[in-house]
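Notes to accompany the following structure.
The values are calculated or read from the model by the stated rules, or taken from the named source; none is laboratory data. Keep in mind that what you see is a predicted model, and the values were worked out from it rather than measured. Reconstructed Cβ throughout: ideal geometry from the backbone, glycine too, with neighbour counts over all protein chains shown. Just so you know, the surface numbers come from the protein's heavy atoms only, side chains and all, with ligands and any DNA or RNA stripped out. Shrake-Rupley method; radii C 1.70, N 1.55, O 1.52, S 1.80 Å.
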Amino acid sequence: MSVERGAPVGDLGFVGLGVMGGRVAKRLLDAGHQVTGHNRTRSKADWLIDAGMAWADTAREATEASDVVFSMVSDTTALLSVARGPDGIMAGLSPGKVFVDMSSISPAASRALAAEAAEIGAEMLDAPVSGSVKTLEEGRLSIMVGGDAEVLRRVEPILRDIGPTVTHVGGHGQAVTMKIATNLSLAVQMLAFSEGVLLAEKSGIARETAVHVLLNSVIASPMIGYRGPFVLGQPDEAWFDVNMMQKDLLLALEMGREVDVPLPSTAVANELLTAARAMGFEKKDFAALFDTLARMAGLVEP
């Protein structure tokens, strides 16, 4: 199945149905799209199958069944694993198909996959998102897109079923570059917020009071607004765990070295994420930066 350049798109594929990917696929289903999905662990997709998603045993099968195939996985290694090989996305592409990757990965890897897709006669866009589980479920996700503007025009109505803000930032790899430039602030902001809460707490102010004041102050960015309360209790399922956050900081630091941009606050936040991993918080939401600092400050966890 494929579409001619400039024609409207039809069936969708989705590879990677984790915390964010699964919810994106659900929004597409809710918008009335036919979606064929694949995930490494099928049991995590059962709720989507119950909601009407068709199951594919491989990423290739999901791609072959679709005009546009999406992927949303944890990192560069994971994407290359599902994209390449005899059962991968690239093996299922054919002329006219569009591959939209929503993962946060290396820009160089994204550009390499785009070149491979072009050799097949297919198109690729990198389209990572900015937001969280909360903003996704509320329909407020922001999407950055890198690649051909005409290809974006064809798939933009689908992207707007995921989130209302779709911005073309440049050529292949530029959207994931923008995503990395965005995400470094997440850890830096969370670290500064945690420092403020702990400084207040160790000075005799109740943690709950400090959190309330800060969340109603000038420093309450959207991210702090929904993640700040995690210092009072982590969610049952990490929205974006320590390992994934550190992956993005390491990509940012690598990019900084390549283009000669010093990233001192990013470097400090990265070291604290290493400490968080050493304390056993690697699978916790990266708001565990607070728990890490709390231990360093000698506070007993509540």
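Scan the stretch 95-122 for residues that are under 20 Å from L249 (Cβ atoms), in contact (Cβ under 8 Å) with a residue 60 or more places away in the chain and open to solvent by 10 Å² or more (accessible area, probe 1.4 Å) and report the count.
Taking the stretch 95-122 as the starting set, the residues that turn out to be under 20 Å from L249 (Cβ atoms) are 102-110.
Remaining after also requiring in contact (Cβ under 8 Å) with a residue 60 or more places away in the chain: 102-108, 110.
Filter once more, so that each one left must be open to solvent by 10 Å² or more (accessible area, probe 1.4 Å): 104, 106-108.
So the answer is 4.
Count, please, the residues in the stretch 148-205 that happen to be in a helix (DSSP H, G or I), among the aliphatic types (A, V, I, L, M) and in contact with a strand residue (DSSP E or B) (Cβ under 9 Å, 6 or more places away or on another chain). I'd like the intermediate steps shown before the answer.
If we filter the stretch 148-205 for residues that are in a helix (DSSP H, G or I), which is where we start, we get 149-162, 174-202.
Now narrow it down to the ones that are among the aliphatic types (A, V, I, L, M): 149, 151-152, 155, 158-159, 162, 175-176, 178, 180-181, 184, 186-188, 190-192, 197-200.
The next check asks that each one be in contact with a strand residue (DSSP E or B) (Cβ under 9 Å, 6 or more places away or on another chain); those that pass are 149, 151-152, 155, 158-159, 162, 175-176, 178.
Total meeting the criteria: 10.
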From G147, G139, residue being on the phi > 0 side of the Ramachandran plot and without any contact (Cβ under 8 Å) to a residue 60 or more places away in the chain: G147
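Does T36 satisfy the condition of being under 20 Å from A83 (Cα atoms) and part of a helix (DSSP H, G or I)?
Numbers: under 20 Å from A83 (Cα atoms): yes; part of a helix (DSSP H, G or I): no.
It is false that T36 is under 20 Å from A83 (Cα atoms) and part of a helix (DSSP H, G or I).
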Looking only at helices (runs of 4 or more DSSP H) that lie completely in the stretch 222-289, which have at least 1 residues being over 25 Å from A175 (Cα atoms) and of a type in the set (A, V, I, L, M, F, W, C)? 264-278
If you scan the stretch 54-78, which residues turn out to be surrounded by fewer than 14 Cβ atoms within 10 Å (Cβ to Cβ) and either among the polar types (S, T, N, Q) or under 17 Å from the mean Cα position of the chain (by Cα) (or both)? T77
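Can you pull out every residue in the stretch 39-55 that is of a type outside the set (A, V, I, L, M, F, W, C) and either in contact (Cβ under 8 Å) with a residue 40 or more places away in the chain or not in a helix (DSSP H, G or I) (or both)? First the steps, then the outcome.
Of the residues in the stretch 39-55, the ones of a type outside the set (A, V, I, L, M, F, W, C) are 39-44, 46, 50, 52.
The answer is N39, R40, T41, G52.
Could you go through the stretch 79-94 and let me know if any residue there is open to solvent by 50 Å² or more (accessible area, probe 1.4 Å) and within 13 Å of G16 (Cβ to Cβ).
Applying the first criterion (open to solvent by 50 Å² or more (accessible area, probe 1.4 Å)) to the stretch 79-94 yields 80-81, 84, 86-87.
Of the ones still in play, those that are also within 13 Å of G16 (Cβ to Cβ) are 80-81.
The answer is yes, given that some residue of the stretch 79-94 is open to solvent by 50 Å² or more (accessible area, probe 1.4 Å) and within 13 Å of G16 (Cβ to Cβ).
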If Q234 passes every condition in (1) under 15 Å from Q189 (Cα atoms); (2) of a type outside the set (A, V, I, L, M); (3) surrounded by fewer than 20 Cβ atoms within 10 Å (Cβ to Cβ) but one, which one does it miss? (1)
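One line per residue, one yes/no per condition, for (1) among the small types (G, A, S); (2) at pLDDT 95 or above; (3) open to solvent by less than 40 Å² (accessible area, probe 1.4 Å):
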position	(1), (2), (3)
S194	yes, yes, yes
Y226	no, no, yes
L250	no, yes, no
L272	no, yes, yes
Scan the stretch 199-206 and give yes if some residue there is within 20 Å of E123 (Cα to Cα) and open to solvent by 20 Å² or more (accessible area, probe 1.4 Å), otherwise no. no
Members of the stretch 15-53 found to be over 24 Å from E237 (Cβ atoms), out of contact with any Gly (no Cβ under 6 Å at 6 or more places or on another chain) and surrounded by 18 or more Cβ atoms within 10 Å (Cβ to Cβ), listed by number: H33
